[in-house]
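Heads up: the structure comes next, in structure tokens.
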Amino acid sequence: MKKKVIAGNWKMNMLPNEAMKFIDELAPIAKNTEDEIILCVPYTDLFYSLLAAQKTNIKIGAQNVHYEEKGAYTGEVSCQMLKCINVEYVIIGHSERRLMFNETDETVNKKIKAALKTGLKPIVCVGETLEQKENGKTKEIITTQTKIALEGLTNSQVENIIIAYEPIWAIGTGKTATAEDANNSIIEIRQEIAKMYGQETATRVIIQYGGSVKPKNVKELFSMSDIDGALVGGASLNVEDFAQIINYEN
Ligand code: PGA
């Protein structure tokens, strides 16, 4: 069985001292799991979080990156800048970035390519809005987003990508997709990957569910055939909640 990949997305929360305290408290709990535990923290917490996470099995990720290597891009951070301080993961194409900061499927594809070239592992978010869901467009939206995001890669590159299926209407709302619906959407994403890169690669890709994952619903979500992990927002800001999510089997 694949190990689960559980990533926290702190968004624009947590100061460095809070980040370090959180990691110190989480480390003894995370150490008992075989699963992959990742915290995606604000840029200003990266260095402190990496220090606190040294000698633990907690991996650190960023929440965004620019696709250019360097240059006149005021306020942006490159893949190399993340990689050289030992950041391992980066969230790409989160719906908040797509909706508030004009990210497109095309820039998501560019960012994925830049991240993989540098050796960063992308966590790529796809998901439909409530309106798209109500209009029966979920499959079309998530397969198109997946297709454009993954265009022009090699099989081994695709196998290094984590996809997070995050229905936008479930993010921060307390409304989770039912485990069956989440699983079905993830199967559709996997089928799209299979069309592009073959079944073997599609089976290997980790596909998480995200959107109001909480201690009370994680076990059911993780019991589904195709849900390989979770991208956790709100519940990753509270160490007890995140610890319970990591300990979903107990
Ligand atoms: P949520 O956020 O768990 O607070 O719904 C998930 C996310 O945005 O990645």
Completion exercise
Sites removed, the longest contiguous part of the chain containing no DSSP-loop chymotrypsin sites (Phe, Trp or Tyr not before Pro) with at most 16 other Cβ within 10 Å is 102-250
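So for the chain, considering every pair of alpha-carbon atoms, how many percent are separated by more than 30 Å? The partial results should precede the final answer.
Working: 6240 of 31125 pairs.
Of all Cα-Cα pairs in the chain, 20 percent lie more than 30 Å apart.
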Problem - Cleavage-rule hits (GluC sites (Glu not before Pro)) in the range 44-107: DSSP loop, at most 15 neighbouring Cβ within 10 angstrom - result: GLU68, GLU69, GLU76
Problem - Exposure proxy order (Cβ contacts within 10 Å, fewest to most) of THR176, THR33 - result: THR33, THR176
Problem - Lys, Arg +1 and Asp, Glu -1 on Cβ, resulting dipole of the range 99-250 about Cα centre, debye, nearest 20 - result: 340
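Within a 10 angstrom radius of the beta carbon, how do ILE6, ILE227 rank from fewest other beta carbons to most? Walk me through the numbers on the way to the answer.
On the way: ILE6 26, ILE227 23.
Going from least to most buried by this count: ILE227, ILE6.
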Handout entry: Listed residues LEU221, THR74, PHE242: farthest to the positive end of the dipole of the range 5-246 (Cβ charges)
Key = THR74
Fill in the blank from the handout: Filtering GluC sites (Glu not before Pro) in the range 140-173 by DSSP loop and by at most 15 other Cβ atoms within 10 Å leaves GLU151
Problem - Span from the the range 57-112 Cα centroid across to the the range 151-210 one, whole angstrom - result: 19
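With each run of n ≥ 4 DSSP H residues scored as -39500 (n - 2.57), what mean residue ellipticity at 222 nm is computed for the chain after dividing by its residue count and rounding to the nearest 500 deg cm²/dmol?
Working: 12 runs with 114 residues, N = 250.
Value at 222 nm, helices only, nearest 500: -13000 deg cm²/dmol.
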Exercise for the section: Please build a GNM for the chain, connecting alpha carbons under 10 Å apart, and tell me which residue among GLY234, GLY211, GLY136 fluctuates the most. Expected result: GLY136
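Restrict the search to the range 93-202; then list the trypsin sites (Lys or Arg not before Pro) that DSSP places in a loop and that have at most 13 other Cβ atoms within 10 Å of their Cβ. Can you show the working numbers first?
Values: sites: ARG97, ARG98, LYS110, LYS111, LYS113, LYS117, LYS133, LYS137, LYS139, LYS147, LYS175, ARG190, LYS195; in loops: LYS137, LYS175.
Answer in residue order: LYS175.
We did not get these values from a lab; they are worked out from the coordinates using the rules stated. Since this is a predicted model, take the numbers as computed values, not measurements. All Cβ positions, even for glycine, are placed from backbone atoms using ideal geometry, and neighbour counts span all protein chains on display.
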